[in-house]
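The values are calculated or read from the model by the stated rules, or taken from the named source; none is laboratory data. From a predicted model like this one, the values you see are computed outputs, not experimental measurements. All Cβ positions, even for glycine, are placed from backbone atoms using ideal geometry, and neighbour counts span all protein chains on display.
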Amino acid sequence: MRKIILAGNWKMHKNQAESLEFVQAFKPEIDNTDESREIVLCAPFTSLTVMSKNLHGGRIKLGAQNIHWEDKGAYTGEIAGGMLAEIGVDYVIVGHSERRQYFGETDETVNFRLKAAQRHHIIPILCVGETKQQRDAGETENVIIDQLKKDLVDVDRGNLVIAYEPIWAIGTGDTCDANEANRVIGIIRQQLDNKDVTIQYGGSVKPDNIDEIMAQPEIDGALVGGASLDPISFARIVNYQ
């Protein structure tokens, strides 16, 4: 059975006080949210501990935005799976296009990070997607299939979430047409032995397009950027109709 997962990626936004303020405003908005919908907040590292204490025992799951593949070592600025697990992190984003674009992330390091997350019983959210140039050249399917082949080597497909994030739609205001997102996510699912993997859509998801996105049969949730920074906006997304 495919789980519906709606995750907010705060990126490099919100200090500890702002994170708590969000949680306090957001919680009442999901009192009546369908219990079958998993809600995840992927916060900056500095907010994870204070959020963990405030979310403990509740229905909101805690997510991190990166994880290193080694359990310890001389990796300045990185964070290990054991450190995340210790403070109750449930999910971690791996291979986001911004990590690939700005910080030299490769399919090989994405693969290492996925396995590290699973080793520490943290569910990874693997991001895949094409650039505008690749889409215009008709390479969308080949690019994504190639990413999946390399990223998922020896990865447990039963402990995984995938997010299809067309890079040209992230933070641009351009949303991939819902039917096209559904088509690409169907292609992603065809590459998987486990057809119950949750596959989200990400890329300029907003309150005014979430209903159409979630009406698509292949789409099992959303990875939300800017619209997850406001508690009322994200609540509307979580409470899609």
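Across segment 104-158, the number of residues qualifying as β-branched (V, I, T), assigned to a helix (DSSP H, G or I) and farther than 15 Å from I67 by Cα comes to 4. Quick check, is L114 out of contact with any Pro (no Cβ under 9 Å at 6 or more places or on another chain) and closer than 24 Å to K61 by Cβ? Judged against the criteria, L114 is not a match.
If you filter segment 215-238 down to residues that are surrounded by 17 or more Cβ atoms within 10 Å (Cβ to Cβ), in contact (Cβ under 8 Å) with a residue 40 or more places away in the chain and over 15 Å from the mean Cα position of the chain (by Cα), you find that the one that is nearest to C176 (Cα to Cα) is A235.
Scan E70, E98 and give me the residue that is touching a residue at least 24 places away in the same chain (Cβ under 8 Å), more than 26 Å from I170 (Cα to Cα) and among the acidic types (D, E).
E70
Of the helices (runs of 4 or more DSSP H) that lie entirely inside segment 177-241, those containing 3 or more residues that are in contact with a strand residue (DSSP E or B) (Cβ under 7 Å, 6 or more places away or on another chain) and under 21 Å from N9 (Cα atoms) span 231-238. Just a yes or no: is a residue in segment 46-58 hydrophobic (A, V, I, L, M, F, W, C), at pLDDT 95 or above and within 30 Å of T131 (Cβ to Cβ)? The answer is no; no qualifying residue exists.
Inspect segment 51-74 for any residue being aromatic (F, W, Y) and under 18 Å from A227 (Cβ atoms) and give the result as yes or no. No, segment 51-74 has no match at all.
V50 meets all of the listed conditions (1) surrounded by 15 or more Cβ atoms within 10 Å (Cβ to Cβ); (2) over 13 Å from V23 (Cα atoms); (3) more than 18 Å from the chain's Cα centre (by Cα); (4) among the β-branched types (V, I, T) but one, namely (2).
Residue-by-condition table, conditions (1) of a type outside the set (A, V, I, L, M, F, W, C); (2) surrounded by 13 or more Cβ atoms within 10 Å (Cβ to Cβ); (3) under 19 Å from S204 (Cα atoms); (4) touching a Ser or Thr at 6+ places or on another chain (Cβ under 8 Å):
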| residue | (1), (2), (3), (4) |
| --- | --- |
| K132 | yes, yes, yes, no |
| L148 | no, yes, no, no |
| D151 | yes, yes, no, no |
| D156 | yes, yes, no, no |
| I162 | no, yes, yes, yes |
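Remark: pairs (first residue in segment 26-37, more than 12 Å from G58 (Cβ to Cβ); second residue hydrophobic (A, V, I, L, M, F, W, C) and surrounded by fewer than 16 Cβ atoms within 10 Å (Cβ to Cβ); Cβ separation under 8 Å; 6+ apart in sequence or on different chains) = E29/I232.
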